[in-house]
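*Asks:* My questions will all concern the structure given below.
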Amino acid sequence: MKRLKLERVSHWFGRTRALDDIRLEIGASEFVAVLGPSGCGKTTLLRILGGFLRPTEGTVTFGDDVYSSPLVHVPVERRDLGMVFQSFALWPHMTVRRHVEFPLKSPRHKGTSEREKHEAVERTLEVTGLTSLQHRLPGELSGGQRQRVSLARAIVSKPSILLMDEPLSALDQELRIEMRREIQDIHRLTGATIVYVTHDQGEALAMADRLVIMKDGRIEQAGTPREVYLHPRTPFAAGFVSKCNFVKGTWTGDRFAVQEDPSLLFDGAGVAEVFRGMNVYPVRPEQFRIAARGRGLEGKIANKQYNGREIHYAVRCQGTIFTVYADAFEDYRPGDSVRLSFEGTVRDDREDGLDREAFMVYNRPAHTDSTAGERAPVPHSGEAAETPRLGEQ
């Protein structure tokens, strides 16, 4: 099976380095989400993969085929890929069916019979739920339907690689949730390798087999959603993929003692070295446990926001604000005194030898090879549901 590989890829726009020594290998049929803030280089990376840009340095290969190198540059139309754009890129005078037929008119499909082309179009219209809409113009379609036309056009020729550049960013929240289910369906049905560029952390966590987080033209961290979410390697990766609190304290081996109360201990096995050097421990908002009394960090509720099944609290602990996500039945008011803790215990090293309630990671990051393909928790990105049948919006 062919693998998509970038080796030491860099790209300059004048004196600005947009990509800096990118090294990435993507497996066959893998769904990789590339995410990061505006200007991090993710769209430049996608354009290089698509052949719209030639990298200043480095090599792009797909299996044994060299797509880009200092001596070779395969043009877009000769690459085995489809592209889905943020703006849909539909022609207003062409019907849905004509849009889907269009890629099959390229020289790459010169040897494909008209019957085979017709069958490919019919099959693609059916898979994307567009059969009943095939004679409509783009102006007669909803946003979700237009995006499905863009998807259908990209997959009709059965490309090995599908590149997606923020395809859902122009849609409203509910439609985005529905469309990402359909993209997952298309991935399952086609078996294509998908490279999906987004700045939406919820989309990336929900759909991808692997995340690639970018910052300033470099890869900050790559791994499964669960690895990146539960085992971030840098403060940027921790904070970008989802909200993250940083508890101050002192490290002794794999033990982390909380600054406000050194008797409160974290089991810190697996926490990245950078956090140890900063004398902090990364804590996701849903990992905190909030209670009116007991052991834990003392704090007061500074803010409360109701979010249906959850309540989001801002808790002030000695001048530091922590974000806490709690079940809706845990109802506190601004000004209430509370304690923040984790589930579990670790052994206290004091003379009495008793187990003390303490902070302990209740879902410690697993090793890389045991979490492959697993999804991380997706905070507030919509309800999970069974994948629906592709159909009209």
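*Asks:* Look through Glu77, Glu25 and report the one residue that is part of a strand (DSSP E or B), in the same structural domain as His109 (by TED's automatic domain parsing) and free of Cβ contacts under 8 Å to residues at least 40 places away in the same chain.
*Replies:* Every option except Glu25 fails the conditions.
*Asks:* Just need a number here: residues in the stretch 148-157 that are out of contact with any Pro (no Cβ under 8 Å at 6 or more places or on another chain) and either of a type outside the set (A, V, I, L, M) or not in a helix (DSSP H, G or I) (or both).
*Replies:* Result for the stretch 148-157: 1.
*Asks:* While we're here: Across the stretch 46-78, what is the number of residues that are within 19 Å of Val197 (Cα to Cα) and over 25 Å from the mean Cα position of the chain (by Cα)?
*Replies:* Here the count works out to 2.
*Asks:* Would you confirm whether or not the stretch 153-163 contains a residue that is in the same structural domain as Gly39 (by TED's automatic domain parsing) and without any contact (Cβ under 8 Å) to a residue 12 or more places away in the chain?
*Replies:* No.
*Asks:* Return yes or no: is Cys317 under 29 Å from Val34 (Cα atoms), touching a strand residue (DSSP E or B) at 6+ places or on another chain (Cβ under 7 Å) and not β-branched (Val, Ile, Thr)?
*Replies:* No, not satisfied.
*Asks:* Name the residues in the stretch 77-104 that are hydrophobic (A, V, I, L, M, F, W, C) and either touching a strand residue (DSSP E or B) at 6+ places or on another chain (Cβ under 8 Å) or buried (at least 17 other Cβ atoms within 10 Å of the Cβ) (or both), would you?
*Replies:* Leu81, Met83, Val84, Phe85, Phe88, Leu90, Val96, Val100, Leu104
*Asks:* Please enumerate the residues belonging to the stretch 231-244 that are buried (at least 22 other Cβ atoms within 10 Å of the Cβ) and in contact with a Pro (Cβ under 8 Å, 6 or more places away or on another chain).
*Replies:* His231, Pro232, Ala238, Phe240, Val241
Residues are listed down the side, and each one gets a yes or a no for (1) assigned by TED's automatic domain parsing to the domain that holds Glu220; (2) at pLDDT 95 or above; (3) hydroxyl-bearing (Ser, Thr, Tyr):
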position: Thr250; (1), (2), (3): no, no, yes
position: Asp254; (1), (2), (3): no, no, no
position: Gly270; (1), (2), (3): no, no, no
position: Glu286; (1), (2), (3): no, no, no
position: Asn303; (1), (2), (3): no, yes, no
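*Asks:* Is it true that some residue in the stretch 2-19 is modelled with pLDDT under 95, in a loop (DSSP other than H, G, I, E, B) and touching a Ser or Thr at 6+ places or on another chain (Cβ under 8 Å)?
*Replies:* Yes, the conditions are met somewhere in the stretch 2-19.
*Asks:* Kindly indicate which of Glu101, Glu119, Glu114 is acidic (Asp, Glu) and within 20 Å of Met164 (Cα to Cα).
*Replies:* Of the residues listed, the single one that is acidic (Asp, Glu) and within 20 Å of Met164 (Cα to Cα) is Glu101.
*Asks:* Keeping to the stretch 28-48, report how many residues are of a type in the set (S, T, N, Q) and in a helix (DSSP H, G or I).
*Replies:* Number satisfying all stated conditions: 2.
*Asks:* Run Pro262 past the list (1) touching an Asp or Glu at 6+ places or on another chain (Cβ under 8 Å); (2) exposed (fewer than 13 other Cβ atoms within 10 Å of the Cβ) and report the number of the one that doesn't hold.
*Replies:* (1)
*Asks:* In the stretch 109-147, what residues are part of a helix (DSSP H, G or I), of a type in the set (D, E, K, R) and over 24 Å from Glu174 (Cβ atoms)?
*Replies:* Within the stretch 109-147, Glu114, Arg115, Glu116, Lys117, Glu119, Glu122, Arg123, Glu126 qualify.
*Asks:* When you scan the stretch 204-222, how many residues do you find that are assigned to a helix (DSSP H, G or I) and over 18 Å from Gly41 (Cβ atoms)?
*Replies:* Counting residues in the stretch 204-222 that are assigned to a helix (DSSP H, G or I) and over 18 Å from Gly41 (Cβ atoms) gives 3.
The values are calculated or read from the model by the stated rules, or taken from the named source; none is laboratory data. Only a predicted model underlies this, so the values are computations on that prediction, with no experimental measurement involved. Here Cβ is always computed from backbone atoms with ideal geometry, including for glycine, and neighbour counts include all displayed protein chains.
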